[in-house]
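Note sheet for the following structure.
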Amino acid sequence: MKRFTCFSLVIAMILALTFTGCKKYENGPAFSLASKKSRVVNNWKVEKATAFDGTDETSYYSDMSLEFKKDNTYLEMESGSSYVGTWAFDGDKEKIVLTENGNSSSDTYIILRLKSNELWLKETSSYPEEIHFASK
């Protein structure tokens, strides 16, 4: 019986550490078996966009889509124009960095939520917006 109790205690500690340590993003998920890259790779459409002051800007992005590909390239479609570039996680995978082809500067976004069907990003620019994407 003592062996069972010790074993149960060890398992409980491992589970507690696993589930409390897995929440990397502010809005979750708390746990996922899918890799971060596999959750990002998708074709996304804007579901909601909010300015830093709380103003709803969803209509401004109504025709925007963003496709992240496995080869770390992306395609952004907006108002009949397309933009191509590369994407990468920062070192701790809490941010995503987009670099448009032919452009030496990058745009960095804080990942607030990353699920296979939801991606919430917050711009780190001087005019930060929060953009919620849903899979297409």
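Where a number appears in this text, it was derived from the coordinates with a stated rule and is not lab data. Keep in mind that what you see is a predicted model, and the values were worked out from it rather than measured. Neighbour counts run over all protein chains shown; Cβ positions are idealised from the backbone, glycine included.
Before moving on, here are some points about what is shown:
- Table column - 3J(HN,Hα) (Hz), the stretch 48-53, Karplus curve with 6.51, -1.76, 1.60, x for Gly and Pro: 7, 9, 10, 6, 4, 8
- In order along the stretch 95-102, phi translates into HN-Hα couplings of 9, 10, 10, 10, 10, 6, 4, x Hz, rounded to whole numbers, per the Karplus curve 6.51 cos²θ - 1.76 cosθ + 1.60 with θ = phi - 60° and x for Gly and Pro.
- Rounded FRET efficiency, nearest 0.05, which uses the C-beta distance separating THR108 from SER35 and R0 of 22 Å: 0.60
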